[in-house]
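**Student:** Handing you a structure now.
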Amino acid sequence: MKQDFSVALYSGVSKSTTFIERLITGLAEQNIDVYIFGLNNGKPQKSKHVIYKTYSGKLHKLYVFLKYSLGLFLFKNNEKKRLDRFIKSQDQNKFHLRLKYYPVLYHSPTIFHVQWAKGLADWMWVKDFGIKLVLSLRGAHINYSPIANPELAEMYRFNFPQIDAFHAVSQAIGQEAENYAANKEKIQVIYSGISKTSLIPFKKKIVSKKDDLYILSVGRQHWIKGYSYALQAVRKLLDKKVKVNYTIIGGANSEELLYLINELGINNEIILTPKMDYENVLYHMQKADVLLIPSVCEGLANVAVEAMALGLPVVSSNAGGMPELVIHNKTGLLYENRNIVDMVDKLLYFNTMTEKEITSMATNAFQKVSEQHNWENFKSAFYTFYKDQISIT
């Protein structure tokens, strides 16, 4: 039965991150109409409840603009005039703003859920038209971007008090958002959900000790990911006569990393690959001995959830929300953030663990993920989260 409210999940593009794509699926499975606005950058999900109102190419953009200009003129002319007055006051390309805004106003979803905090200011206007405004709190957008950009921090402090509700990917990032005037009472922590089919491969993974320690990291090349610390740790492991192979998925063509690899003399031990799709990342996880999360800031790394579901042990910094997932010496190993020596110590400790100890840790990790990131709990939590906003007048 179709629900009595609709949700727009806005990330700016039609095909987004794993978390957002799973949220789309989860809402559609509950018969909630989900609107996707923005640029068409990939193959959409097929569901009668997922409604794509996207654009691509100059001619299509013009068509979308004319279509919604006429639609608003005929059916919501007063609202169009109000929005046009707002658009005229903005110091941005007016055609581009109308292209973005007109479809949203025309369809007027019950809830507009902004996925990236940096773009929040562009969407504050929806509240003036009776649309509930919700914001996700994630990683870089909260942890360090406002520190590096005072204007962004000021934008947060001005707009956060007006947000109807916040979704936080971890408790730690929710607490960080309070520094920018986010109302604690409006912050709801909902961990990412992982389907039962993603948990099955754990039973197939064979934990074994190899001559070489195969370490894997996954994520874009950015200083926040801490790869420079990880590469220095590899050098120290080699100095201690530990044979290491380290692959960074997403690190290809990074001059910074290539320079450091050459400077450390570890060219033979490091592989930098381009960004990969979900299936290929899982393939590499199946081959790895351990997933390393060297991030200096982190909301809660989805890749760690995936690894733990697969039965791949995780060694992580204690940055951000990672301790909410990786319980030291139980579901994984934690080291002190930015501490290369401690990182090396934890990797050395892992390398001396018996198969029985590794299997026990992997089992605990699997159980943690299956409970904390349960798919049905994920879906029901978001349903309640949105439903609560509708009941608040």
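**Student:** Suppose the chain between E255 and N267 were pulled fully straight at 0.36 nm per residue; how much longer would it get relative to their current alpha carbon spacing? It would help to have the intermediate numbers written out before the result.
**Tutor:** Numbers: separation 12, 0.36 × 12 = 4.32 nm, distance 1.35 nm.
Fully extending the segment from E255 to N267 adds 3.0 nm.
**Student:** Between rounded, prolate and oblate, where does segment 198-372 land on the alpha carbon gyration tensor, with a ≥ b ≥ c its root eigenvalues, rounded for a/c under 1.5, else prolate if a/b exceeds b/c?
**Tutor:** rounded
**Student:** Continuing with this model, one more query. List the residues whose amide H sits under 5 Å from the amide H of L137, counting only those 5 or more places along or on another chain, with H placed 1.01 Å from N in the peptide plane.
**Tutor:** H167, A168, V169
**Student:** Can I ask one more? Calculate the FRET efficiency for K118 and S380 from the Cβ-Cβ distance with a Förster distance of 35 Å, rounded to the nearest 0.05.
**Tutor:** 0.75
**Student:** 5 Å is the cut-off here: which amide hydrogens, built 1.01 Å from N in the peptide plane, fall below it relative to Y35, excluding neighbours closer than 5 in sequence?
**Tutor:** Under 5 Å from the amide H of Y35 lie the amide H atoms of V7, A8, L9, I51, each far enough along the sequence or on another chain.
**Student:** Next question, about the same structure. K43 label point, 7 Å along Cα→Cβ, cut-off 13 Å on backbone N: hits in segment 267-281?
**Tutor:** Zone members listed by number: 278-279.
**Student:** While we're looking at this one, here's another question. Rounded to the nearest 0.05, what FRET efficiency do M276 and Y144 give with R0 = 22 Å and r taken as the Cβ-Cβ distance? Could you check?
**Tutor:** With a Förster radius of 22 Å, E is 0.30.
**Student:** On a full-extension model of 0.36 nm per residue, what is the gain between R338 and R157, subtracting their alpha-carbon distance, rounded to one decimal in nm? List each step's numbers first, then the result.
**Tutor:** Numbers: separation 181, 0.36 × 181 = 65.16 nm, distance 2.89 nm.
Gain on extension, R338 to R157, equals 62.3 nm.
**Student:** Something else now. If the chain between I390 and N93 were fully stretched, how many nm would it gain, using 0.36 nm times the residue separation less the Cα-Cα distance?
**Tutor:** 103.6 nm
**Student:** Normalised by the residues of the chain, what does the relative contact order come to in percent, with Cα pairs under 8 Å and at least six apart?
**Tutor:** 14
**Student:** Remind me, relative contact order of segment 198-372 in percent, using alpha carbon pairs under 8 angstrom and six or more residues apart?
**Tutor:** About 25 percent, as a whole number.
**Student:** Two decimals, Cα atoms only, Kirkwood Rh: what is Rg/Rh over the chain?
**Tutor:** 1.01
Read the figures in this text as sums done on the coordinates, not as results from a lab. None of the values given here were measured: they were computed from a predicted structure. Neighbour counts are summed over all protein chains in view; Cβ atoms, including those assigned to glycine, are modelled from backbone coordinates with ideal geometry.
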